[in-house]
1. For His154, enumerate residues with amide H under 5 Å from its amide H, sequence gap 5+ or separate chain, H modeled in the peptide plane.
2. Can you pull the percent of the chain's accessible area that's carbon plus sulfur, 1.4 Å probe, other chains left in place?
3. Report the full-extension gain for the segment Arg130 to His142: residue separation times 0.36 nm, less the Cα-Cα distance, to one decimal in nm.
4. Would you kindly state how much longer the chain becomes between Asp83 and Lys190 on full extension, computed as 0.36 nm times their sequence separation minus their alpha carbon distance, in nm to one decimal?
5. For the chain, what is the accessible area per residue in Å², given a 1.4 Å probe and the full set of protein chains?
6. Tell me which GluC sites (Glu not before Pro) from the stretch 145-250 have a DSSP coil assignment and no more than 13 other beta carbons within 10 Å of their own.
7. Among Gly194, Gly68, Gly265, which one shows the biggest mean-square fluctuation in a GNM of the chain, springs joining Cα atoms closer than 10 Å?
8. Give the cysteines in the chain for which no other Cys Cβ lies under 4.7 Å away, or write none if there are none.
Amino acid sequence: MEAFTMDPDWLCFDPSPSKPKFRPPAGAVDAHCHVFGPGDEFPYAPERKYTPCDAGKDKLFALRDYLGFDRNVIVQATCHGADNRALMDALRASNDKARGVATVRDTVSPGELSELHEAGVRGVRFNFVRRLVDPKPDAYYHAIIDRIAPLGWHVVIYFEAADLEERWNFFTSLPTTVVVDHMGRPDVTKPVDGPEFGRFIRLMDEYENVVSKVTCPERLSKSGAPTYDDVVPFARTLVERFPDRVLWGTDWPHPNMTSHMPDDGHLVDLIPRIAPTAALQQKLLVDNPMQIYWG
Ligand code: 0GY
């Protein structure tokens, strides 16, 4: 097996986050998190753009319990490429308390897909962030859609806000449920009612198959930790306008953070600011993810 060394400037997750004051409702789902390795057991992909610190399933499940959550949706991270073994191992060890989103190639076989499904995978991720993956033609993604169609899976898309206009026709052509990572990564220094976020809201207004993760204040914020005030209006706008089409997650172990490593307890304490009522919290944390991933 190829030896690996964590990137020298890699920021590792906080090993002892604070206990959140907010108590999630029973059955709450952390609907965006990852597992990394451990690399000695599940090697990082040769084509990866970064080499992280190991962040395996045991640590993820311990964090889930500590933060007061019941379930996880584990999203295949780009450092593992289309090798979903670490993801499947975590799903199988979760006692049905985790579902997965895989990365597959356009050559994936029906046998590989049914193995992923049996382990708990319910979707694939298409990543358009150029610092993470090399771009592929639209036909590549359509070929994957054709292969996953029989399984009823959905598609997760990750892109930068500036790319939404160019990719609009492709994104709106997807026939499945489409889950957008991190609110389409808005520039939160721009107005929440301005044209850039307006385009994202229009996407959700016009396409009822689009769901947004109201995640990653730590990645989007310019005002910073621990309160991430500038991100709150963006997330709250989506939660209040589309209460049945939003998901929340930690993004643990927070790959590629350079400014700081968030305290996961503080991220949980943001939830009542973006979903201010018990009814909104129930939809965001329980009903919506349960329908998409366990329904
Ligand atoms: C995230 C965000 C990032 C990384 C990945 O799969 C990944 O490598 O998703 C990022 O660097 O913005 O959702 O974890």
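1. Under 5 Å from the amide H of His154 lie the amide H atoms of Gly123, Val124, each far enough along the sequence or on another chain.
2. Working: 6200 of 12310 Å².
About 50 percent, which is the carbon plus sulfur part of the accessible surface.
3. The Arg130-His142 span can extend by a further 2.4 nm.
4. That pair, Asp83 and Lys190, stretches by 34.8 nm at full extension.
5. That works out to 42 Å² for each residue.
6. Passing sites in the stretch 145-250 are Glu208.
7. Fluctuation is largest for Gly194.
8. For the chain, the answer is Cys33, Cys79, Cys216, because their Cβ atoms have no other cysteine Cβ under 4.7 Å.
The values are calculated or read from the model by the stated rules, or taken from the named source; none is laboratory data. The shown structure was predicted, so the numbers you read here are calculated from the model rather than taken from an experiment. Glycine gets a Cβ as well: all are built from the backbone with ideal geometry, and neighbour counts include every protein chain shown. Accessible surface is based on the protein model in full, side chains and every heavy atom, while ligands, DNA and RNA are left aside. Shrake-Rupley method; radii C 1.70, N 1.55, O 1.52, S 1.80 Å.
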